[in-house]
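Here the structure comes first, spelled out in structure tokens, and everything after it is commentary.
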Amino acid sequence: MKNHTVKNGKQGSSHRYLCRNPQCKHSFSINHAPQTPLLWIEHIDGVGLRRLGDEHALSGSQAYARVIVEMDQLPKNDWLTNTVCDLSRCAGVLILDGKYVAVKGFDRKIPFLFGIDYLTHDIIHGQLFLAEDEASFSRYFQQLKDLGYNLRIVVADDRAGLKQALHKVFPYARLQLCHNHYLENIRKLLKVRTEPRYQHFFNSLKMHVFTEAKTDEEITKWLRHVQEQHAGSNLLLNNVLADIANRRNNLFAYKHFEDCPNNTNLIELYNSHLNGRLKTIKGFQSLTSAQRWLNTWMIRRRTKTLTDCGQKFKHLNRHCSLEFTIKKQAQWPDILTNLGINAITFSEKGDSIH
């Protein structure tokens, strides 16, 4: 390695190097100054404040104070998206979900809405709202539009006001309802898991309509087949089939997009990590502290190495999602230094998201 690298300048305490290997020719920098470990990374990853204090010769309150200072020095996630990202590199397929968080002063938990670009797995935008309604979804989509995201289709659960808000801000965007949640609602309605009466109906519906059907014509054919073979004159089952027919544009929109899932599995995995962290925190003392912590969480997810991505997303392994949306002319990972997170360390274990 020494034979291939040469010094290529200096900036502050960082030395630039260039690899002369014809197959590489990448440049990189090494900061020789003593590094102060950033506690916010370990905190977001799940290390408790008391343990952080023990590991760094601090009291729990001192560790907490350090974490708050470091969080305040981080950029806003939207600034990151707007300033250093080239959103034309995104698919325009957004997986959208929300997580309710406890904030002191509010009678109920309030929703944190965030969206992940399916192609890059990058968290483009997230925002804390006071309610989950059409007005909040409209604000969310408008903020997304202001960032320059070319939204083509949203994959989400069936939420009141979401469709209306989407078409208000992005008139030509489509909505894809999550099959997992939609079918689970049918299971509960028909009590499929505990009673055998409608199991054949449900299994036939899932296999033929939601799995085998590839075209609109096949969807129509299999809906008719299920009705004739399993529903008959049963009002409950016919209502289920009628609802599918009425919502077919939102249930099968994904078939008209090359890279679009029919479920929210990707964001559910992110949501699972977020839920685990929120359980240990047990709530925030103010709206400001909640916004600060959630902003930090998004930045950490965007700058943490991904692992175990399978199938068509294998190329994401050993990278973080921000690398795939960042402007091509930006120097990576030097951009992190410019963002004020110069001591960031990417976990060797990384994230398993598939």
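The values are calculated or read from the model by the stated rules, or taken from the named source; none is laboratory data. Treat the numbers as computed from the prediction; the structure is a model and nothing was measured. Note that each Cβ is placed from the backbone with ideal geometry, even for glycine, and that neighbours are counted across all protein chains shown.
Would you point out the residue of region 189-225, among those that are among the basic types (Lys, Arg), closer than 26 Å to Lys255 by Cβ and without any contact (Cβ under 8 Å) to a residue 12 or more places away in the chain, that is surrounded by the fewest Cβ atoms within 10 Å (Cβ to Cβ)? Residue satisfying both the conditions and the ranking: Arg224.
So that you can scan it fast, the table gives a plain yes or no per residue for (1) closer than 23 Å to Cys90 by Cα; (2) basic (Lys, Arg); (3) at pLDDT below 85:
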position	(1), (2), (3)
Asn246	no, no, no
Glu268	yes, no, no
Ser272	no, no, no
Ala290	no, no, no
Lys312	yes, yes, yes
Asn317	yes, no, yes
Cys320	yes, no, no
Lys328	yes, yes, yes
Ile344	no, no, yes
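Determine which member of the set Tyr149, Tyr182 is in contact with a Phe, Trp or Tyr (Cβ under 9 Å, 6 or more places away or on another chain) and in contact (Cβ under 8 Å) with a residue 60 or more places away in the chain. After ruling out the rest, the residue left standing is Tyr182.
For Leu147, the stated conditions hold: it is surrounded by fewer than 21 Cβ atoms within 10 Å (Cβ to Cβ), under 18 Å from the mean Cα position of the chain (by Cα) and more than 28 Å from Arg247 (Cα to Cα). For the condition within 17 Å of Asn185 (Cβ to Cβ) and touching a residue at least 40 places away in the same chain (Cβ under 8 Å), what is the one hit in Leu241, Leu236? That would be Leu236, the only listed residue that is within 17 Å of Asn185 (Cβ to Cβ) and touching a residue at least 40 places away in the same chain (Cβ under 8 Å).
The set of residues from region 135-162 being among the basic types (Lys, Arg) and at pLDDT below 95 comprises just one member, Arg159.
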